[in-house]
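The values are calculated or read from the model by the stated rules, or taken from the named source; none is laboratory data. Worth saying up front: this structure is predicted, and the values here are computed from it rather than measured. Here Cβ is always computed from backbone atoms with ideal geometry, including for glycine, and neighbour counts include all displayed protein chains. Just so you know, the surface numbers come from the protein's heavy atoms only, side chains and all, with ligands and any DNA or RNA stripped out. Shrake-Rupley method; radii C 1.70, N 1.55, O 1.52, S 1.80 Å.
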Amino acid sequence: MRARIVLLPGDGVGPEVTRAAVEALRAVASIFHHEFALDEHPIGGAALNAGGPPLPPPTLEACLGADAVLLGAVGDPAFDREEPARRPERGLLDLRRALGVYANLRPARVWPGLEDAGPVKASALAGTDMLIVRELTGGLYYGEPRGYADEGASAFNTMRYSRGEIERVAEVAFAAARRRRRRVVSVDKANVLETSRLWRSVVTEVGARHPDVELQHLYVDACAMRIALAPASFDVVLTENLFGDILSDEAGAVCGSLGLLPSASIGDGTGLFEPVHGSAPDIAGADKANPIGALGSAAMLLGHGLKLEAEADALERAIEETLAAGSRTADLVERGAPALSCSAMTRAIVGRIRA
Ligand code: NAD
Ligand code: IPM
Ligand code: MN
């Protein structure tokens, strides 16, 4: 197969973990005899530093014309005081909207050997394997009107959802559940918010079209607690944009590290594959980042984006075997204990990829 993959390394640890994903993609291409054209473009703070907007038009054009897009991370504290249009995050938000990737799949599972890496008792963590389906192009992130009023003394955002926006992401969640353990927990705040009441009623309607999938509704606060206390009790978690952002970081920590979590942002066109973590300015440039979130995103790019299931499995198996063999980055060991660098962990994993 020939595929055009656009790489958006971005900021902070973004370039380090993107390099890891590129090594894996090159190894997969060579082992399985594919031709991947990898085309790198600036986004976020990297684009701003080059004098452009956070999503330069040539970057967007390349993404729209690609078979898949792989992003590292965006975000740079140097731009924290800038106006919204000149913030690195805006580049990613605009890209998600432009690609129409309304469903963000964030799998969180406990890898064999990592049962003790996180804060949750191994007995509670055993068997954890959830898929968070996060609505990605609506809600508070995009709702209008938004802004400041009273000369900056107050500020406002709008949480808005249409039936159509809820229905299409719910369909993705139910379809995913049918390939898994056939359970969906829909998360909202229907005891307080109108958007959540609409969310609950539309999800219930979609659920009725999938009688083979069990549907349960949970309030987001209760869900946050249950992720910490009983993570293994979830299969698919379906939720709106902001709740999904928060719950997925929690799920990452519960499974051992935020650095482990991959994601696939999908819609009707080109998919965007991005680790769940951010630019991690505290460890950027130190070759300390965990590359597994980015490597897992590359695996999702292969499987979801290019429909190369065997190739995706090969990369996931390499990650699993490497962890089972005891290799660990710094985020997975006690503070100060010896650990592999990002590049050494990448070499260990890529060295295990085979057909
Ligand atoms: P973060 O995810 O960057 O970091 C949170 C904590 O997790 C830090 O302690 C960091 O060191 C650690 N961490 C993150 N990724 C890691 C990895 N791969 N390996 C080991 N440890 C890792 O979140 P933050 O610090 O709140 O945000 C930093 C910047 O990143 C902000 O500008 C934010 O807007 C941006 N951000 C971007 C994305 C994205 O590009 N998708 C996601 C989240 C945050
Ligand atoms: C994520 C990030 C982004 C989000 C930011 C950087 C805009 O936190 O992908 O989880 O909130 O969606
Ligand atoms: Mn986030």
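Give me the percent of accessible area attributable to carbon and sulfur for the chain, probe 1.4 angstrom. Carbon and sulfur together cover 52 percent of it. What the chain shows is 42 Å² of accessible area per residue, with the surface traced by a 1.4 Å probe over protein heavy atoms. Springs join every pair of Cα atoms under 10 Å in this Gaussian network model of the chain, and among 335, 163, 181 the largest mean-square fluctuation is at 335. Ranked by the mean number of other Cβ atoms within 10 Å of their residues, highest first, the peptides 347-353, 154-160 come out as 347-353, 154-160. Partners of residue 288 within straight-line reach, counting lysines whose Cα lies under 27 Å from its Cα and excluding those fewer than 8 residues away in the same chain: 121. Let me make sure I get this right: for segment 119-254, a, b and c are the square roots of the gyration tensor eigenvalues over alpha carbons, sorted descending. Under 1.5 in a/c it's rounded, otherwise prolate if a/b > b/c, else oblate. Which is it? In terms of gyration-tensor shape, oblate. On full extension, the segment bounded by residue 192 and residue 35 gains 51.4 nm, given 0.36 nm per residue less the C-alpha separation. Take every DSSP beta bridge whose two residues both sit in segment 119-254; close to 20 percent of them are antiparallel. Using a/c under 1.5 as the rounded threshold, could you call the chain rounded, prolate or oblate? The axes a ≥ b ≥ c are square roots of the C-alpha gyration tensor eigenvalues, and prolate needs a/b larger than b/c, oblate otherwise. Rounded shape, in that the Cα axes give a/c under 1.5.
Mean sequence separation of contacting Cα pairs (under 8 Å, at least six apart), scaled by the length of the chain, corresponds to a relative contact order of 22 percent. Which of rounded, prolate or oblate describes segment 163-202 when judged by the alpha-carbon gyration tensor and an a/c cut-off of 1.5? Oblate, since a/c reaches 1.5 and b/c is not below a/b. Distance from the C-alpha centroid of segment 188-245 to that of segment 80-109: 22 Å, rounded to the whole angstrom.
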